[in-house]
Structures are given as structure tokens and as C-alpha cells.
Amino acid sequence: MTGAERVRDIRGPIADRLCLRTRSGFQWVERLHRPGPHYLGRAQLSLLREAFPGAHVPWAYSAAVAVWPAVPSPALLSDRMLTSAFAEDDPDWPRTLRALGALAARVHRTPLTDELRAALPDRSGGPAWLAEEAVAAEVRAHRALLPLETAPELAAAAARPPASGPATLVHGRLSAGSCADGPVPLAWREAGIGDPQRDLAHLLAEIVEAAALVNCPAPVARARVEAFLDGYRDLAPAGLPPLWDAVARRIVEHYAQGVWAGGDLAGAAAALPSVERCWAELRPAGVAHR
């Protein structure tokens, strides 16, 4: 991009991401380490753009490289979520999370035409980055290293079979780390057809983990969860699937991914008990599982 200035450079085990300052705003560029058919290509992204107008769908320049439309800020939602300020009763968080919940509901309610069903990948087996068996095997191996005996209730919930439900269009990685502050979800190359609770559980798990990390008071963290779910319920009042086992599965998956990527097994061991306490506190009253 002519005249673009690099303002952020985020390296990861799955992809590297750059944020560039351009004349039109800040643009995110992603380069996949292992490009393949499990990530959406040009034709699929074009179809998704038509099916879900208004989404920040990227342009695929190659199998590996995608560029997102400009956003007004280089900040990601995770920049705010992973700080001590997340423990404060900031009125902007309910607005932000309600907007994300409403967006998730619109994604999940998008009609699945025959064209979409034929073109988009099946995500029922998990997210795009686990579609490559070599990566999935590595993450499973690192999951086995986690000291889950320090969080037995969380581990038991994560081990229960997922509740079945109708497949929908899914975002694939509804994460604070892939959402420009605003909020503007990015990462649409991982969209497909799969279990809608994965989308919801992905962000809810981040709320749980962040709340545990910064010692967020339970009432404040609970309000964050309810804002997100209220935004979803407003547009899908009968469509909220059972979630808390799915949240537990995502938390365990996230720690396994983290250990695989960075090897911080000691950090995971230290964090898991407090994350389990927060997860248990934030479940609706009377919900033992699912």
C-alpha cells in the first residue's frame, strides 16, 4: 500500500497481523502461516459480503494474505479488556458488548441459501485454525499437559459432549483480539457453517478470563456477560443455546493453544483455578451444566 505507515505488528502461531495507517484510516493485514481451503477465498468472501452486508469482510489478495477495510482506530477490543480498567464499572462496556451480541444474532439468523451451503466450509468440527490435522494434534497434545485437576469443575464441563443444535452461519472467531475497538469484528476469513454457540462461547470465555485476570468484581463481570447476551436475545429471543459447557470448552482450548504457542505451562497452571472460580460465579443461578 503506497504511503502506508506500520503502526502495529502482532505475530502469532497461526497468522501475523499488521495495522497500517493509510489515507483512508487504519487497515489490518493478515498473513496466514498455513493457508489452505479452510480459510475463505475471494469468491467465498464476495458471497459472504452479499449475504451479510455491512460486515467488515476483507479482500483476499492471495491464499495467505487478506486486507480489511479501514477502521478509525488501530486499537483492538482486547487492548481494553486485558487491563485493570476492565474491572471498573465503565458504561461503555455494556454498549460495546450489547452491540457484539446483536451482531452475533444477525450472523446466526442469516438465511442459509443453497449457494451459501455449497460455498462455505463446514465448521462443525471446530474453528478454521484447527482444521489442519497437524495443528489440531499439536494443540491436543498440549491440552493433555494442562493441570486440569486444579480446575476440576471447569474440566468436567469441558469434557461433556456438546449440546446439539441447528447449524447456522458463524463468524468463526468472535474474539476481542480480532475486533477493532468500536466494535468492528474482523477475522471473517474463518466464517462458515457450524454451531452458533461456538461464536458466543468464544467471547464469553474471554470475558471470564479477563475478569479473573484483573480481579473484576463479580457484579461488574456479570453485567458484562448479560450485556452481550441481552444484545443477542434482542434479535434472537428464542435462539440462545445452552452455553456454559461451551464456554468451559473454549477456555480449555484457549489455554491449550496458549501453551502450544508460547509454552507458558506454569502461567496456565497459576491461572486456571481463578478462571474456574470466575466461570462458576458467572453461570446463571441454578445452572449446573450446559
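The values are calculated or read from the model by the stated rules, or taken from the named source; none is laboratory data. Predicted, not measured: the structure shown is a model, and the values here were computed from it. Glycine gets a Cβ as well: all are built from the backbone with ideal geometry, and neighbour counts include every protein chain shown. Keep in mind that these areas ignore ligands, DNA and RNA; they rest on the heavy atoms of the full protein, side chains included. Shrake-Rupley method; radii C 1.70, N 1.55, O 1.52, S 1.80 Å.
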Report task. Please find, in a Gaussian network model of the chain (springs between Cα atoms separated by less than 10 Å), the residue of F228, F52, F86 whose mean-square fluctuation is greatest. Result -> F52
Requested in this report: With just the Cα atoms of the stretch 134-259, tell me how far they stretch along each of the three principal axes, in Å, largest first.
Outcome: 40, 36, 29
Report task. Give the angle, between 0 and 90 degrees and rounded to the nearest 10, that separates the Cα long axis of helix 265-282 from the longest principal axis of the Cα atoms of the chain. Result -> 80
Requested in this report: Please give the per residue accessible area of the stretch 1-137, computed with a probe of 1.4 Å over protein heavy atoms only, in Å².
Outcome: 51
Report summary line: Quick note, the stretch 1-143: a/c under 1.5 would make it rounded; otherwise a/b > b/c is prolate and the rest oblate (a ≥ b ≥ c, C-alpha gyration tensor); here it is rounded
Requested in this report: Return the carbon/sulfur percentage of the accessible area of the stretch 1-130, one whole number, probe 1.4 Å, all protein chains in place.
Outcome: 54
Query raised in the report: Using the alpha-carbon atoms, what tilt in degrees (0 to 90, nearest 10) does helix 218-235 show relative to the longest principal axis of the chain?
Result: 50
Query - Taking N as its residue count, the alpha carbon Rg of the stretch 49-121 over 2.2 N^0.38 Å - result: 1.45
**Report entry** Tilt relative to the chain, helix 133-143 - C-alpha long axis, 0 to 90 degrees, to 10
**Finding:** 30
Report task. Once you've got the GNM for the chain with C-alpha springs shorter than 10 Å, pick whichever of A128, A268, A43 has the biggest mean-square fluctuation. Result -> A43
Query raised in the report: Between S78 and V214, what is the label-to-label distance in nm when each label sits 7 Å out along the Cα-to-Cβ direction?
Result: 1.5
Query - the chain - charge dipole about Cα centre, Lys and Arg +1 at Cβ, Asp and Glu -1, debye rounded to 20 - result: 500
Query raised in the report: Stokes-Einstein at 37 °C, 0.692 mPa s, Kirkwood radius from Cα pairs: D for the chain in µm² s⁻¹?
Result: 169
Query raised in the report: Going toward the positive end of the dipole of the chain, with +1 on Lys and Arg Cβ and -1 on Asp and Glu Cβ, which of A87, T110, G126 do you reach last?
Result: T110
Report summary line: Along the dipole axis of the stretch 155-290 (charges at Cβ: +1 for Lys and Arg, -1 for Asp and Glu; origin at the Cα centre), the most positive-end residue among A159, V170, A266 is A159
Requested in this report: Please get the size of the charge dipole for the stretch 1-88, origin at its Cα centre, with Cβ charges of +1 on Lys and Arg and -1 on Asp and Glu, quoted in debye to the nearest 20.
Outcome: 220
Report task. Would you compute the Debye intensity of the stretch 106-159 from its alpha-carbon atoms alone, equal scatterers and no solvent, and pass along log10 I(q)/I(0) at q = 0.16, 0.19, 0.24 Å⁻¹ to two decimals? Result -> -0.72, -0.83, -0.97
